[in-house]
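Below you'll find the structure, written out as structure tokens, and then a few comments.
The values are calculated or read from the model by the stated rules, or taken from the named source; none is laboratory data. From a predicted model like this one, the values you see are computed outputs, not experimental measurements. In this analysis, Cβ positions are derived from the backbone assuming ideal geometry, glycine residues included, and neighbour counts consider all displayed protein chains.
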Amino acid sequence: MICSVKPKKRRELARQRRKLAELGPVRHLQPQGPAAAAAVQRFLALEHAGWKGREGTSFRALPHDEAFLVAAMAAAAADGGLRCHELWAGYRLVASKLDLVSGDTAFGFKIAFDERVSRLSPGVLLELDTMAQAFADPGLARIDSCAAPGSGTVHRLWPDRRAVVAVELLPPGARGRLGARMVQGLSAGSARVRREWRQLDPAVKDPLRRFVRRVA
């Protein structure tokens, strides 16, 4: 299951799990049915308590984002497509993960962890527990981590890759050529905007976020 993790890292993860157990028994829980709604709320609180909350990018930072997530997860749960995973140390929630399932494929949608114990890698420990559960599920053929390129830890845990191709079907002639240029421009533009946004000084980004909230 963790053959992609080097032996030295495995020993470190085992040490971190033992250290985490000093807070109380370490348990991997999977709330289902009516309990899933409460698990989503705990995820929202845990995510908002971390750096995403401080930067205003957590789901709870904007009411309509939170409402969207709650509604989307409720719809997924109703169709049997939501899997909630939680890592507890005693009575303390240290990591929470929301996975989505469609057919025989699971998608790692969102994860949050308690930054007060970040040195013990609770998110990675939960990811390993989730992997064990997924590999034991005969109904799953593949798992998509949904991690962005360059996500070092996740890519080390999930070394296999599958090529994904985006295909745009456009009409022939002038309209098709115009559509192709628009698609290319939008793709390049969105990547450039994301790159420039990450490089902005927080003193610039924070007023922009407040302005967007006022006009949204």
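A few notes on this one:
- Test: residue in region 7-16 that is of a type in the set (Lys, Arg), under 14 Å from Ile111 (Cα atoms) and surrounded by 15 or more Cβ atoms within 10 Å (Cβ to Cβ): no
- Residue check, Ala21 free of Cβ contacts under 8 Å to residues at least 40 places away in the same chain and in a helix (DSSP H, G or I): no
- Residue within region 64-84 that is within 20 Å of Leu157 (Cβ to Cβ), in contact with a Pro (Cβ under 6 Å, 6 or more places away or on another chain) and either part of a helix (DSSP H, G or I) or of a type in the set (Val, Ile, Thr) (or both) present: no
- Condition check for Ala78: over 21 Å from Gly139 (Cα atoms) and among the hydrophobic types (A, V, I, L, M, F, W, C): no
- Filtered residues of region 26-40 (kept if surrounded by 13 or more Cβ atoms within 10 Å (Cβ to Cβ), of a type outside the set (A, V, I, L, M, F, W, C) and more than 10 Å from Cys84 (Cα to Cα)): His28
- Test: residue in region 105-114 that is surrounded by fewer than 17 Cβ atoms within 10 Å (Cβ to Cβ) and free of Cβ contacts under 8 Å to residues at least 12 places away in the same chain: no
- Condition met for Leu44 (at pLDDT 95 or above, buried (at least 18 other Cβ atoms within 10 Å of the Cβ) and over 22 Å from Gln133 (Cβ atoms)): yes
- Check on Leu87, surrounded by 15 or more Cβ atoms within 10 Å (Cβ to Cβ) and within 26 Å of Pro159 (Cα to Cα): yes
- Total residues in region 125-151, condition surrounded by 21 or more Cβ atoms within 10 Å (Cβ to Cβ) and among the aliphatic types (A, V, I, L, M): 2
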